[in-house]
1. Quick one: which of 222-231, 81-90 comes out on top by average Cβ neighbours within 10 Å, and what's the full order, highest first?
2. Any idea what the alpha-carbon Rg over 2.2 N^0.38 Å comes to for the range 52-158?
3. Packing-wise, with mean Cβ within 10 Å as the measure, how do 202-211, 105-114, 51-60 rank, highest first?
4. What part of the accessible area of the chain, given as a whole %, is carbon or sulfur when the probe is 1.4 angstrom?
5. Which value, to two decimals, describes the C-alpha radius of gyration of the chain once divided by 2.2 N^0.38 Å?
6. Averaged per residue, what accessible area in Å² does the range 90-143 show with a 1.4 Å probe, protein chains only?
7. Where in the chain are the DSSP H helices whose alpha-carbon span along the long axis reaches 18 Å or more and whose Kyte-Doolittle mean is at least 1.6?
8. Return a whole-number percent for the relative contact order of the chain, with Cα pairs under 8 Å and 6 or more residues apart as the contact set.
Amino acid sequence: MPPTSPICEKNKLAAKKIEQENIKAIGYCKELTSDEKMNYLQLNKLGSAILTHPNYNETIGIFRTSANALERDKLVSHLLAGKPLKEYLLNKDIVDIKIYTSAYKRIAANLIEKNIHSLETPPESIHKLADAIQQKSALLKEISTQNSTNQDKREQQKELDKNAQHAFLSLEKTPLTLQLVIPLFAEITKNKEINKMGAYNLATCFAPSLVTRSDLPSDSQFKLNSDAQIYIEALINHDLKLQSYDV
């Protein structure tokens, strides 16, 4: 696709808007040192590079397929050393978009694991949100199987909707890395008919990055990963809903 096509221009505008909003979010965190802030800004720049990549619109399974680990780690090391992305691109042809997305996940996971100034602590209430959504899913499956909905089932569904909404609205502050990631993922889902990456698929790919504890039993680890996936999916859908209100 020509770099000046209407679709490419639209991607550039979306990338610029997201990047500017993310810079504000990073700036609000006054406790960050210059070096710490730089790491978040590099993640932000990489997100823009993904949206404006020449192959972005045609890439199926974006964020699902991993890149060559050696090339990914070269880019990660380059960016975490504070070097500009443009310098990495010198004397290179078009860099595989998978290198960008793989590096993005690696840097995000690194920031989450470091948990600088406790800015990455996931809210405890994600488990309440996950439970409410899973209960609603089970009820809808039951209704679909029976192919009928009585008054009792409708009341149950309303109650579960209310529980899910309350759980979501009562979430504590979203971790800083997710504040940067979610707008990018919401933008990607707008192209899901082509890239096959809706909110669920993106959340599934990214949830392991949010779960950094290795000291848990396998069943607890699975539960935490599952709840994180539901949490991220809800955040993506919420961001899309807010965008639908924009004039």
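The values are calculated or read from the model by the stated rules, or taken from the named source; none is laboratory data. These numbers come from a predicted model, not from an experiment. Positions of Cβ are generated from backbone atoms using ideal geometry, with glycine treated the same way; all protein chains shown enter the neighbour counts. Protein only, heavy atoms only, side chains kept; ligands, DNA and RNA dropped before computing areas. Shrake-Rupley method; radii C 1.70, N 1.55, O 1.52, S 1.80 Å.
1. 222-231, 81-90
2. 1.69
3. 202-211, 105-114, 51-60
4. Accessible surface attributable to carbon and sulfur in the chain totals 53 percent.
5. Working it through for the chain, the quotient is 1.09.
6. Value for the range 90-143: 53 Å² per residue.
7. Qualifying helices, which must be both long enough and hydrophobic enough, are 176-189.
8. Values: 247 pairs, mean separation 54.7, N = 247.
Over the chain, the number comes to 22 percent.
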